[in-house]
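*Asks:* First the structure, then my questions, so here it is.
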Amino acid sequence: MYEEFDAVLLKDGRFASLDDKDGPSSYTGTVGDGPRDWKIVYLTDADIDRKLTDAEIDEWASRSHEQLKELGYL
């Protein structure tokens, strides 16, 4: 249902990027807004609510950019 590199909303409210498709409904993904709180997670279709909208992706990218600046990476 979802593909590698999709940005999704998890049922617990977190945003995730699907980094690898491990099987028909199994993924490795990353949650968090930047290096301070990035975490690799293992997900299934049951954990995912839906794909993110373009506006949600932009919001998430903005939070990541701010955290990267705060930590001196940008």
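*Asks:* Kindly indicate the residue of region 46-74 that is assigned to a helix (DSSP H, G or I) and basic (Lys, Arg) and also surrounded by the fewest Cβ atoms within 10 Å (Cβ to Cβ) among those meeting that condition. Give the derivation first.
*Replies:* Just the residues of region 46-74 that are assigned to a helix (DSSP H, G or I), to begin with: 46-47, 54-70.
Narrowing further to those that are basic (Lys, Arg): 63, 69.
Details: Arg63: 13, Lys69: 11.
If we take residues in region 46-74 being assigned to a helix (DSSP H, G or I) and basic (Lys, Arg), then Lys69 is surrounded by the fewest Cβ atoms within 10 Å (Cβ to Cβ).
*Asks:* Go through the residues of region 29-45 one by one and say whether even a single one is acidic (Asp, Glu) and in a helix (DSSP H, G or I). So that I can check it myself, show each step before the final result.
*Replies:* So in region 29-45, the residues acidic (Asp, Glu) come out as 33, 37, 45.
Restricting the remaining residues to those that are in a helix (DSSP H, G or I) gives 45.
Yes, some residue in region 29-45 is acidic (Asp, Glu) and in a helix (DSSP H, G or I).
*Asks:* Residue pairs, Cβ under 6 Å, 6 or more apart or interchain, first in region 2-22 and under 18 Å from Ala55 (Cα atoms), second surrounded by fewer than 18 Cβ atoms within 10 Å (Cβ to Cβ) and among the β-branched types (Val, Ile, Thr). List them.
*Replies:* Cβ pairs passing all conditions: Ala7/Ile57; Arg14/Val31; Ala16/Val31; Ser17/Thr30.
*Asks:* Out of all the residues in region 23-36, which are in contact (Cβ under 8 Å) with a residue 24 or more places away in the chain and exposed (fewer than 11 other Cβ atoms within 10 Å of the Cβ)?
*Replies:* First, pick out the residues of region 23-36 that are in contact (Cβ under 8 Å) with a residue 24 or more places away in the chain: 25, 27, 33-36.
Result: Arg36, single match.
All of the numbers you see were taken from the coordinates with simple rules; none came from a lab. Not measured: the values here are computed from a predicted model. Note that each Cβ is placed from the backbone with ideal geometry, even for glycine, and that neighbours are counted across all protein chains shown.
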